[in-house]
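A quick write-up on the structure given underneath.
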Amino acid sequence: MEKNQTALSVEDLHKSFGNVKVLKGIYLTAKRGDVISVLGSSGSGKSTLLRCINFLEMPNSGKITIGGQQQRAAIAKALAMEPEVMLFDETTSALDPELVGEMLL
């Protein structure tokens, strides 16, 4: 991956807990090698944002794309839901060649 390539993209991310809107349309782009700090007061949604990016929380809406590993992230997201059965079609087709072996383990 080149240094200028986008490693992470967050588009119009929303997350609510009941009636409490925590994330209200977050946009973020990080290139490979970027260092980003998320600042805000306690309860402002910093941890929720990170949990959504890591798919530990499912956002209500928006799009999260991760540095050529979008398919891998989608599989991780699906596994987090603890399905009884998962069906795949060309599971490794969108992965970088060096990641195919890692995915097949």
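The table below gives the values:
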item: Surface accessible to a 1.4 Å probe, V38 within the full protein complex, Å²; result: 60
item: Cβ-defined net charge surrounding F17, 12 Å radius [Lys, Arg +1; Asp, Glu -1]; result: +2
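The values are calculated or read from the model by the stated rules, or taken from the named source; none is laboratory data. All of these numbers come straight from a predicted model, not from anything done at the bench. Quick reminder, even Gly has a Cβ in these numbers, built from the backbone with ideal geometry, and neighbours come from all protein chains shown. Quick note on the areas: whole protein, heavy atoms, side chains included, nothing else; ligands and nucleic acids left out. Shrake-Rupley method; radii C 1.70, N 1.55, O 1.52, S 1.80 Å.
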